[in-house]
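All remarks here apply to the structure that follows.
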């Protein structure tokens, strides 16, 4: 049985001034609240974009699982309107491109190869269609966020503090 | 048959760079274009907001240099209220800005360019990545993280969080530094110096190996623009605008920043949303007004750094210029960046010994006194301009943001063309070419799409298209 006092690290990223791009930040707050109400130990980092020093946080001794929370782009009219979760594979080759962007797998590589830690990691995504400048979410994204309960219900019991399990 | 090569990062939303290399009938490079979409939406988005909100809003343009936007915005707001901020506030703003340089330049050098510099441009793509870097140079990778953390920690101490600190305000700042934090900075400074010196040695040791790159990665004559102190020293926060020509002549010794429009104008191109600023007296046509900003430009235009270690390095840096002329290769942005980290650390060392940084008098209060406010400073990647027009109630009517990436736009295009001319062979879109073009852009450390982010790695999509629009070669890199 999972130790309910192990630390869940939530790393949410996005821009709350680019409408749906900030939905991951909102979802992270909701997950943190729900899990804390369940007496789970949670630390949340909400950032604009992922940066290398987050790897050290991920490699902390208390961290059992890392939950990256982001928005995923869906085409207008898509029926993929659910919050989704997928377990992240072991990192191998993930370098930044031309810009300043780093992904979860890059951070996992840093944690693994620099600090010798490979915490269980998941990517949880909210669907997004509107990335224009502004606050608030599109109807599709707001609808997905309102169904966090359904998402958690579909996940294995005790998720995310489980050793291995498939996504919904 | 004329062809076009398109290097198109497949990203989640528009806003990232795309590179197209246009070939002539003979298969030689005729032109190169670096397409970017960004920022203009933010200017419109700010209209109708109250001016004191602007530092908090505009810092959210970027996750890497929010401090720069916050400070440029706060300076524009200072101008609107028409006050001189308290000396303590200016020193604290300088302190957080130096910390910003440390974290931003460390990210560029260690994490973004490190794999290319330490493992080689043509090394096996399977190993030329973060993991390859860590496996061969774990101490360098860890050092890069620690140096970045040092800068981030100071930002967090002052702004209460490290990414978007709502700290600088019209008329000053919200909070000073406390004694406990001063001690913490002082304790960690020696390691930050040590890491920077190691990085400098590392880069200089590899210069001979990168001689071809220094001659082909953006090595061209241009103008250079940036801020200097009133006596010509290296300046990152305030000061006067100086312009140097390709021969090293100072053609504008020190223009007050409020008059920036006398020397900088903006052109637009249909194929990019990024503006094309140019030196107005020289004009836009044929690249006459092309100028560079950022670390390379700042070290070219200043007469001295003003701190002992940075000045020692600056003297070495100047030897890279031929015949007493400016240092022309954009490859040397790397070196300039490290010198600026050293400069920032030395300035941090000075500032934490100044009693003003713990003073409680950190803000001047006033209402709207002027309809226009201009705030100009040097962001890590170059000159950053915020200009706001407000009504009598302080409501924003118009915003103009001229960001560092925009200032270097012409130079980035020219750099891509030069690299393509040197390394493109027929229709062979090699991994080496892709990486070199990417590195050419990375030299300028641009914020391509500061206000968004991508999931995972940015793959590349390369196409060669003939004059009939038919794809004759194509390559993807995941």
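The values are calculated or read from the model by the stated rules, or taken from the named source; none is laboratory data. Everything numeric here is computed off the predicted structure, so don't read it as measured data. Virtual Cβ from ideal backbone geometry, glycine too; neighbours counted across all protein chains shown.
Return the residues of segment B:418-450 that are on the phi < 0 side of the Ramachandran plot, more than 14 Å from every other protein chain (Cβ to nearest Cβ) and outside any helix (DSSP H, G or I); say none if nothing qualifies. Correct list: B:424, B:425, B:427, B:428, B:429, B:430. Among the residues of segment B:112-131, those identified as facing chain A (nearest Cβ under 8 Å), assigned to a helix (DSSP H, G or I) and either at pLDDT 85 or above or under 19 Å from residue B:213 (Cβ atoms) (or both) are B:112, B:115. When segment A:33-71 is filtered for residues that are within 22 Å of residue A:149 (Cα to Cα) and touching a residue at least 60 places away in the same chain (Cβ under 8 Å), the ones remaining, listed by number, are A:34, A:40, A:65, A:67, A:71. Within segment B:222-248, the set of residues being in contact with a helix residue (DSSP H, G or I) (Cβ under 8 Å, 6 or more places away or on another chain) and not in a loop (DSSP other than H, G, I, E, B) comprises B:223, B:224, B:225, B:226, B:227, B:228, B:234, B:240, B:241, B:242, B:243, B:244.
Taking (1) modelled with pLDDT of 90 or more; (2) assigned to a helix (DSSP H, G or I); (3) buried (at least 21 other Cβ atoms within 10 Å of the Cβ) in turn, residue B:182 satisfies each apart from (3).
With the condition kept exactly as written, say whether any residue in segment A:2-23 is within 14 Å of chain B (Cβ to nearest Cβ), surrounded by fewer than 23 Cβ atoms within 10 Å (Cβ to Cβ) and over 30 Å from residue B:65 (Cα atoms). Checked segment A:2-23: no residue is within 14 Å of chain B (Cβ to nearest Cβ), surrounded by fewer than 23 Cβ atoms within 10 Å (Cβ to Cβ) and over 30 Å from residue B:65 (Cα atoms).
Which members of segment B:26-63 meet the condition of being in a loop (DSSP other than H, G, I, E, B) and modelled with pLDDT of 80 or more?
Looking only at segment B:26-63, we keep the residues that are in a loop (DSSP other than H, G, I, E, B), and these are B:26-28, B:36-39, B:47-49, B:62-63.
The answer is B:28, B:47, B:48, B:49.
Of everything in segment A:35-49 that is outside any strand (DSSP E or B) and at the interface with chain B (Cβ under 10 Å from one of its Cβ atoms), the residue that is farthest from residue A:106 (Cα to Cα) is A:48. Of all residues in segment B:302-318, those satisfying the criterion of being surrounded by fewer than 19 Cβ atoms within 10 Å (Cβ to Cβ) and in a helix (DSSP H, G or I) are B:308, B:309, B:311, B:312, B:315, B:316, B:318.
Listed residues B:341, B:376, B:396; which is closer than 24 Å to residue B:227 by Cα, buried (at least 16 other Cβ atoms within 10 Å of the Cβ) and touching a strand residue (DSSP E or B) at 6+ places or on another chain (Cβ under 7 Å)?
Details: B:341 fails: touching a strand residue (DSSP E or B) at 6+ places or on another chain (Cβ under 7 Å); B:396 fails: closer than 24 Å to residue B:227 by Cα.
Of the residues listed, the single one that is closer than 24 Å to residue B:227 by Cα, buried (at least 16 other Cβ atoms within 10 Å of the Cβ) and touching a strand residue (DSSP E or B) at 6+ places or on another chain (Cβ under 7 Å) is B:376.
Condition check for residue B:95 on (1) in contact (Cβ under 8 Å) with a residue 60 or more places away in the chain; (2) surrounded by fewer than 24 Cβ atoms within 10 Å (Cβ to Cβ): one failure, at (2).
The residues of segment A:50-80 that are modelled with pLDDT under 90 and more than 12 Å from chain B (Cβ to nearest Cβ), listed by number, are A:76, A:77, A:78, A:79, A:80.
All but one of (1) farther than 17 Å from residue B:330 by Cβ; (2) part of a strand (DSSP E or B) hold for residue B:383, so report the exception by its number. Residue B:383 satisfies every listed condition except (1). The set of residues in segment A:106-144 being surrounded by fewer than 21 Cβ atoms within 10 Å (Cβ to Cβ), more than 12 Å from chain B (Cβ to nearest Cβ) and assigned to a loop (DSSP other than H, G, I, E, B) consists of A:117, A:118, A:119, A:136, A:138.
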